[in-house]
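Novice: Sharing a structure here in structure tokens format.
Every number here is computed from the coordinates shown, using simple stated rules; none is lab data. Please read all numbers here as calculations on a predicted model, not as lab measurements. Note that each Cβ is placed from the backbone with ideal geometry, even for glycine, and that neighbours are counted across all protein chains shown.
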Amino acid sequence: MRHGAWSVAPAMLALAVVGCGGPGQTIPLSVNMDAVPAPAKVTAPLRVAVLPFEDGRTDKSRVGRYQHYVETTVDTLVPAGGSAADQITNFVVEYLKRAGFPVTRVQPGQTVAPGSADVVLSGQIESYWNEAVTRFARTELVAKNRLVLKAVNVGDGSTVRTTVVGEETKTVVFFDLGDLAKLNSEALGQTLARFLADVVVADRTLKPKQ
């Protein structure tokens, strides 16, 4: 009889641990531009028209996960305020404005008006992921992205195409969604800063830096 009681105990303990986990939630993750270091101002700003970015990821709905200390509970992170493509497109527009470019956001289905822009910028999201994993006495955060950016110079038809990445990590004692949103913003800012560092303005066009 004693043997039977001890054999049941581990199974009950396992069920208790699983029960503590519970189903994960769906949580919107925002972008906070105020958390991004201010970009250097361009000396010869061009008029830039930004087309809606394309999301090339297989799973377009999620942008991350939050794994609780009880591993059976994993929350799904989704972009706040729309799709991941919307979120990143809006970020690019705002970042370029802060760098001193006159920027127009082209709405889906619309075309760039003749004479309204010097550069037409488009992009594709290859990866966009934010993760928080809680372990004993700490939560490890990571935010990373990989974007393909394409700038078409209206004046001469030349094209600048580049792939840029951003990644930030941080460890905190207590998890707060705002910390991950800040890290996400910083990683996106890092990506755009690298893009602007790779190009120069010359004769009303964007050219690769030699």
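Novice: Here are several values of mean projected area of the Cα convex hull in nm²: (1) 14.8; (2) 18.1; (3) 15.8. Which one was derived from the coordinates shown?
Specialist: (1)
Novice: Measure nothing but the geometry: give the 0 to 90° angle between the long axis through the Cα atoms of 2-21 and the longest principal axis through the Cα atoms of the chain, rounded to 10°.
Specialist: Taking the Cα atoms of the chain, the angle to 2-21 is about 20 degrees.
Novice: Identify which of ASP55, ASP156, ASP86 has the largest mean-square fluctuation in a Gaussian network model of the chain, with springs joining Cα atoms closer than 10 Å.
Specialist: Sorting by GNM fluctuation, first place goes to ASP156.
Novice: May I ask you to derive the FRET efficiency for ARG194 and SER158 from their Cβ-Cβ distance with R0 = 22 Å, giving the value to the nearest 0.05?
Specialist: 0.60
Novice: Continuing with the same structure: In terms of modelled amide H atoms, which long-range or inter-chain residues lie less than 5 Å from the amide H of VAL63?
Specialist: For VAL63, whose amide H was placed from the backbone, the distant partners under 5 Å are LEU77, VAL78.
Novice: Quick one: Karplus J couplings for region 96-104, per residue in order, coefficients 6.51, -1.76, 1.60, θ = phi - 60°, nearest Hz, x for Gly and Pro?
Specialist: These are the phi-based 3J(HN,Hα) values: 5, 4, 5, 7, x, 7, x, 10, 10 Hz.
Novice: Roughly what angle does helix 177-197 make with the longest principal axis of the chain, taking Cα atoms, 0 to 90 degrees, to the nearest 10?
Specialist: Approximately 30 degrees, to the nearest ten.
Novice: Right, next: Mind listing the long-range amide H neighbours of ASP55? Cut-off is under 5 Å, sequence gap 5 or more, other chains count too, H placed in the peptide plane at 1.01 Å from N.
Specialist: ILE125
Novice: Let me ask something else about it. Given the rule -39500 (n - 2.57) for each run of at least 4 DSSP H residues, summed and divided by the residues of the chain, what is its mean residue ellipticity at 222 nm, to the nearest 500 deg cm²/dmol?
Specialist: After summing the helix terms and dividing by the residues of the chain, the value is -9000 deg cm²/dmol.
Novice: Report the local net charge at GLY100: Lys and Arg +1, Asp and Glu -1, summed over other residues whose C-beta lies under 14 Å from its C-beta. Each step should come with its number before you reach the end.
Specialist: Values: positive: LYS41, ARG47, LYS97, ARG98; negative: GLU94, ASP118.
Local charge sum for GLY100: +2.
Novice: Using modelled backbone amide H atoms (1.01 Å from N, in-plane), which distant-in-sequence or interchain residues come within less than 5 Å of SER158's amide H?
Specialist: For SER158, whose amide H was placed from the backbone, the distant partners under 5 Å are ASN153.
Novice: Follow-up. Between SER116 and ALA80, what is the FRET efficiency for a Förster distance of 30 Å, r being their Cβ-Cβ separation, to the nearest 0.05?
Specialist: Calculated transfer efficiency: 0.50.
Novice: Okay, moving on. Of all DSSP beta bridges located in region 23-208, what percent are antiparallel, nearest 5?
Specialist: Taking every DSSP beta bridge within region 23-208, about 70 percent pair in antiparallel fashion.
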